[in-house]
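One structure is given here, and the rest of the page talks about it.
The values are calculated or read from the model by the stated rules, or taken from the named source; none is laboratory data. Quantities reported herein were computed from a predicted structural model and do not represent experimental measurements. Counting neighbours? That spans all protein chains shown, and the Cβs are built from the backbone with ideal geometry, glycine included.
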Amino acid sequence: MLVVRNSFIAKPGQAGKLAAQLKEMGAAGNLRNVRVMTDLTGEFNHVIMEHEVESASEFEELLTRYSSDPQAREKAKGYTDLWTTGRRELFRVV
């Protein structure tokens, strides 16, 4: 089992909007155990979306499916305008 963590620093005033859109994107993509979190401490405007996959190959399949799914692409429209930087991490659950 892997946890995929996508971490974003939203533009000022856009963290709530980004969090809401990420929740919609997770639902549209049928992501497993998706959760979206915002900061209480640390960097300002920090928004994280986590979900689970069984393996790295399942994650790759998810990326391929996402790029060709019109519903998922529609939900993602404009989300890149809401953040300044981001990163992705994959963690193995032990």
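No other residue among Arg5, Arg65, Arg73 is modelled with pLDDT of 95 or more and among the basic types (Lys, Arg) apart from Arg5.
Of the residues that make up region 52-71, is at least one under 16 Å from Gly16 (Cα atoms) and in contact (Cβ under 8 Å) with a residue 12 or more places away in the chain?
So in region 52-71, the residues under 16 Å from Gly16 (Cα atoms) come out as none.
Looking for residues that are under 16 Å from Gly16 (Cα atoms) and in contact (Cβ under 8 Å) with a residue 12 or more places away in the chain, one finds none in region 52-71, hence no.
Scanning region 60-92 for residues that are within 21 Å of Glu43 (Cα to Cα) and of a type outside the set (Val, Ile, Thr) yields Tyr79, Asp81, Leu82, Trp83, Gly86, Arg87, Arg88, Glu89, Leu90.
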